[in-house]
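The values are calculated or read from the model by the stated rules, or taken from the named source; none is laboratory data. Bear in mind the structure is a predicted one, so any value in this text is a computation, not a measurement. Backbone-built Cβ (ideal geometry, glycine too); neighbour counts: all protein chains shown. Note: areas computed on protein heavy atoms with side chains; ligands, DNA, RNA excluded. Shrake-Rupley method; radii C 1.70, N 1.55, O 1.52, S 1.80 Å.
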Amino acid sequence: MTRSLLSAPLRTAAGLVAPALLVALWQWNSGGALGSVAIAPPSALLTAGRELVADGTLGAGVAATLARALTGFGIGAALGFLTGVAMALSSAVNRVLGPLLQALRQVPMLGWMPLIALWFGTGEGSELIVVCVASFFPTLLSTHSGLRQVESRYLEVGRIYGLDTGQRFALVQLPAALPFVLTGLNQALAFAWIATIASEILLGTGAGLGVTMQQAQMQQRLDMMLVAVIVTAFLGFAINQILLHLRRGLLRWQPDNR
Amino acid sequence: MSIDPSLRLPAETPNTPVRGELAIANLSKSFRIGGQLRPVLEGINLTLRPGEFVSIVGASGCGKSTLLRLIVGLDDDYQGEIRLDGERVATTSLDRGIVFQDHRLFPWMTLEQNIELALRNTNVPKARRAQIVAEHIALVGLEGFEKAYPHQLSGGMAQRGAIARALVTEPKLLLLDEPLGALDALTRVNVQTELQRIWMAQRSTMLMVTHDVEEALYLGDRVIVMSPNPGRIRRIVDVDLPHPRDRRSPLLHRLKDEILAELTAAPVEPGGVSDNLVRLPAREAR
Ligand SMILES: Nc1ncnc2c1ncn2[C@@H]1O[C@H](COP(=O)(O)OP(=O)(O)OP(=O)(O)O)[C@@H](O)[C@H]1O
Ligand SMILES: [Mg+2]
C-alpha cells in the first residue's frame, strides 16, 4: 500500500538508508566508540580504493573475477540444465544418474575444494571447476523437478494436437518448467559468485577480488580488504539484478510478473 | 427425372469432406481403485450421425468425462469398440477435438499463439495460418485480445478461446466437456447461441456434456440421459426441432420437465439414491 505511494526515486532512496546508517555507525565507531574491533574508517577506504585503482589491481581483479564467475556459471549451469533435461525425459538416465547425483549434492560446495585442489592443483583450472560444481547442482535439481512437475492436463493438450517429442519439449515442457529453471539459475549464480571468491581466496593465483582479499590479509591491510569486500558485494548485487530483470522479461506471461 | 448421385459427388467433395460418424458398441470401462476394479461405464451403445449435435446429461461421477476421454483417445484402456468413420479409436488424432471443462490454454502463450499451436501439425499452409487464427478469434468474439495472455482474459473469454482452438483444426468430431460450466448466465446464453451458429456453419459432429438440461435441449438433436454406478445410458431423448431454435419453445420446456423427472427418479437397481442426483434440479431451479 505505502509502496505504491512512493515514486521510483524515493523507493531507490529508501534502499540506501540502511547502507548509509551502516557507514555512519562505522565512521563513528572508528573513534573507538564500540570497543576495539579492528575496522578501518570509511575515509581510509577511499585512499585505499584510489591506490588499488591506480596500480590496476582493482580493474584486473574485477575483470578476472567476473570472467571466472560467468565462465564457470555458464559451463556448470549448461551441464546442469542438460543433465536435468536428460534425467527428466528419460527414466533410464534418471535411474542411472539419480542416486549418484543425489548423494553428491549432499557435499557442501566448500567441501569440494580440498579434493579439487588435490586432483587439479591450485590455479585457474581448479577455481573454474569449483565454480562449475557450485552452479551445476542447483540448476540440475530445479530443471529436473520443474520438468517432472509439468501438469498432465497441459501434456494432454499436446497429445490432442499431435505434438512430436521436440515440439512437446519446446512448446509445453520447457515453458511450463521455466519458472523453476530460472529460480535454479538464480540460486546457481549466487552460488557461483560465492564459489568464485572462496576459490580465489583458497586456491587463487593471478588476479581476482578474492586474491586481493587474501593478499590484503597477508599484508594486514584492512582498508584494502574492505574495498575488495565492498566491490564484491556491489558486483554480486548488480549481477543478481540483471538476472531478476531477465526473469521478469521471460515470465511476462505469469500474473504476478508484470 | 433423377440425377445420378455419383455425378454430383466430385463437385461437392472439396467443400463437404466426410464428417465424423461415431459408433460406440458395448463400451465398458473400469478403474482400479485401491486394488479393486470399479466399473465406471457399462454397456454403452451409441451412434452419432455425421453432423449431429448430441448432448449428455447425468449425475456427477457417472462417467461423462471418462467417456469423452476414451473417445478422444487420451485413454485406450477399455472394453468394446469406439469407431470414428469405421476406424477404431486407439490414440489421439487431429480428426477428434475436445474442449475441456478447464480451458487449458497454455499460460505461457498469447491467445493467438495458443490457437496457432493447434495448427502446427495440420497440412494448413504456414502462410494461411495467421489468417485462419484471426478468423477463429473473430468467430468467438475475441478481436483485440490476440496478444493477451490467458491470465489477462476473464474465465468466459478464456473458455471461448479454448473453443476457438478446438474449432480451428476443423475436427470431424468435436467433444465438449461442460464447456460453458464456468460462465455466468448471460455469457452462457450468448456462447450457446454462438456455438449453435458455428455448428450450423461447420456441420461437424459434436458431443457435449453439460449439467444444464436447458442447454442440452437447446443445442442437441438428441439428449442422452446417463445414470450412475456404473455409468449407463438411461434414456435417449429426441429433440425434433429445427435449428436455430427458439428458447421459449413449449416442446423444449416439456422435454426439460421430463428429463428432470428422469434424473431425479429413484435408480432402477437397489443401492439407494445418491445425493449427486439431487444436484441437477437444484441448479436448474435458479
Ligand atoms: N484416473 C482415474 N482413476 C480412478 N478413477 C477415476 C479416474 N478418473 C475418473 N475416475 C472415476 O470415474 C468415475 C467417473 O468420473 P468422471 O470424471 O467421468 O465423472 P463425470 O460424469 O464427468 O462427473 P462430473 O459431472 O462431476 O464431471 C468417478 O467415480 C471417478 O472416481
Ligand atoms: Mg466431468
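Computed values, structure above
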| item | result |
| --- | --- |
| Protein-protein interface of the range A:152-179, residues with accessible area decrease of at least 50 Å², isolated chain reference, 1.4 Å probe | A:Arg153, A:Tyr154, A:Glu156, A:Val157, A:Arg159, A:Ile160, A:Tyr161, A:Leu171 |
| Rounded to 10°, Cα long-axis angle of helix B:250-264 versus longest principal axis of chain B | 50 degrees |
| Furthest towards positive pole of dipole, A:Val172, A:Cys132, A:Leu100, structure part the range A:92-181, Cβ charges | A:Val172 |
| Accessible surface of the range B:139-241 [probe 1.4 Å, protein heavy atoms]: carbon and sulfur percent | 49 percent |
| Mean residue ellipticity (222 nm) of chain B, computed from DSSP H runs ≥ 4 via -39,500 (n - 2.57), nearest 500 | -10000 deg cm²/dmol |
| Summed buried accessible area for B+A [probe radius 1.4 Å, Å², rounded to 100] | 2200 Å² |
| Selected from B:Asn114, B:Asn123, B:Asn45 as most flexible by GNM, with chain B as the system and alpha-carbon contacts under 10 Å | B:Asn123 |
| Cα-based Lys pair tally, chain B, threshold under 24 Å, eight or more apart or on separate chains | 5 |
| Listed peptides A:113-121, A:178-186 by packing density, highest first (mean Cβ within 10 Å) | A:178-186, A:113-121 |
| Heavy-atom accessible area per residue - the protein assembly as shown, 1.4 Å, Å² | 50 Å² |
| Taking only Cα atoms of the protein assembly as shown, radius of gyration then Dmax in Å | 33.0, 118 |
| Kirkwood-based shape ratio for the range A:37-159, expressed as Rg/Rh from alpha carbons | 1.18 |
| In nm, spacing of pseudo-spin labels at B:Glu258 and A:Ala67 (7 Å Cα→C-beta vector) | 8.6 nm |
| Nearest-20 debye value, chain B charge dipole, Cβ charges on Lys, Arg, Asp, Glu | 260 debye |
| Diffusion constant of chain A at 20 °C, which comes from Stokes-Einstein with the Kirkwood Cα-pair radius and 1.002 mPa s, µm²/s | 101 µm²/s |
| Cα-centred dipole magnitude for the range A:47-250, charges only on beta-carbon of K, R (+1) and D, E (-1), debye, nearest 20 | 620 debye |
| All Cα pairs of the range B:105-170, percent lying beyond 15 Å | 41 percent |
| Within the accessible area of the range A:47-250 (1.4 Å probe), percent carbon and sulfur | 69 percent |
| Degrees, to the nearest 10: B:155-167 long Cα axis against longest axis of chain B | 70 degrees |
| Dipole of the protein assembly as shown, positive end: most advanced residue of B:Pro39, A:Ala195, A:Met224 [Cβ charges, Cα centre] | A:Met224 |
